[in-house]
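Chemist: Quick one: the structure is below, questions incoming.
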């Protein structure tokens with residue numbers, strides 16, 4: 001899957017949409033929804049629906065909802081390797097070490113999350129060569145996302161929509177560039 005500069009930037013923006021909510025998160029999500037519509041109307045629709053569901057939530061409330069969803073007794077982990085290999089696994093450690101080495105090879109910014117955090121992976125996509133990115137998408141991201149979506153959909157959690165956005169976008173971009 002060859003990534004053009006426009007899709008590289010959109011992956012990073014999707015990563016920003018998955019981070020702890022800040023003042024500009026709504027604006028970032030709305031802008032991203034408009035830009036990914038060129039690639040996938042369905043992906044854009046998921047992100048817009050997420051924004052509609054979160055519209056009435058004040059920032060502090062949204063931040064608490066995020067923490068409850070992903071950090072404090074999480075309904076879903078954003079660490080890809082947890083969904084692929086479990087929490088305690090040699091393969092999990094191997095994936096994280098490989099990602100960290102790839103990021104460091106390109107002098108990536110200091111991370112506050114582990115290297116397999118979905119937001120980090122999306123934001124660091126441009127640092128990976130085409131083969132690394134393609135393998136990561138097919139063997140990790142697209143394998144973990146259905147499990148993650150399922151966990152959030154069980155509780156009717158709106159964050160499932162962002163994950164579905166990412167999943168749909170990756171599939172559509174891959175189809176377009178194969």
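Here, each number is a calculation from the coordinates, and none is a lab measurement. Worth saying up front: this structure is predicted, and the values here are computed from it rather than measured. We place every Cβ from the backbone using ideal geometry, glycine too, and count neighbours over all the protein chains shown.
Chemist: Over the chain, calculate the relative contact order: mean separation of alpha carbon pairs under 8 Å at least 6 apart, over the residue count, as a percent.
Modeler: Values: 202 pairs, mean separation 60.7, N = 178.
Once normalised by length, the contact order is 34 percent.
Chemist: In addition: Report which label in (i) 45, 35, 29; (ii) 42, 37, 29; (iii) 46, 38, 28 holds the value of Cα extents along the principal axes in Å derived from the coordinates of this structure.
Modeler: Label of the calculated value: (ii).
Chemist: Starting from the Cα-Cα distance between residue 37 and residue 112, subtract it from 0.36 nm times their residue separation and give me the gain in nm to one decimal. Working shown, then result.
Modeler: Working: separation 75, 0.36 × 75 = 27.00 nm, distance 3.02 nm.
Extra length available between residue 37 and residue 112 comes to 24.0 nm.
Chemist: State whether segment 86-178 is rounded, prolate or oblate according to the following rule on the C-alpha gyration tensor (a ≥ b ≥ c being the square roots of its eigenvalues): a/c under 1.5 gives rounded; otherwise a/b larger than b/c gives prolate, and the remaining case gives oblate. Mind dumping the intermediate values first?
Modeler: On the way: a/c = 1.79, a/b = 1.28, b/c = 1.40.
The shape class here is oblate.
Chemist: Residue 27 to residue 88: FRET efficiency via 1/(1 + (r/R0)^6), r the Cβ-Cβ distance, R0 41 Å, to the nearest 0.05? If you can, show how the numbers build up before the last one.
Modeler: Values: r = 39 Å, r/R0 = 0.95.
Step by step, r from the Cβ atoms, then E = 0.55.
Chemist: Additional query: Take peptides 120-133, 90-103 and line them up by average Cβ neighbours within 10 Å, highest first, as a rough protection proxy. Intermediate values should be presented prior to the final figure.
Modeler: Values: 120-133: 18.5, 90-103: 15.2.
Sorting 120-133, 90-103 by mean packing, highest first, produces 120-133, 90-103.
Chemist: Length gain on complete extension for the stretch residue 142 to residue 64, per 0.36 nm per residue less the alpha carbon to alpha carbon distance?
Modeler: On the way: separation 78, 0.36 × 78 = 28.08 nm, distance 2.76 nm.
Length gained, residue 142 through residue 64: 25.3 nm.
Chemist: On a full-extension model of 0.36 nm per residue, what is the gain between residue 55 and residue 176, subtracting their alpha-carbon distance, rounded to one decimal in nm? It would help to have the intermediate numbers written out before the result.
Modeler: Numbers: separation 121, 0.36 × 121 = 43.56 nm, distance 3.24 nm.
Between residue 55 and residue 176, full extension yields 40.3 nm more.
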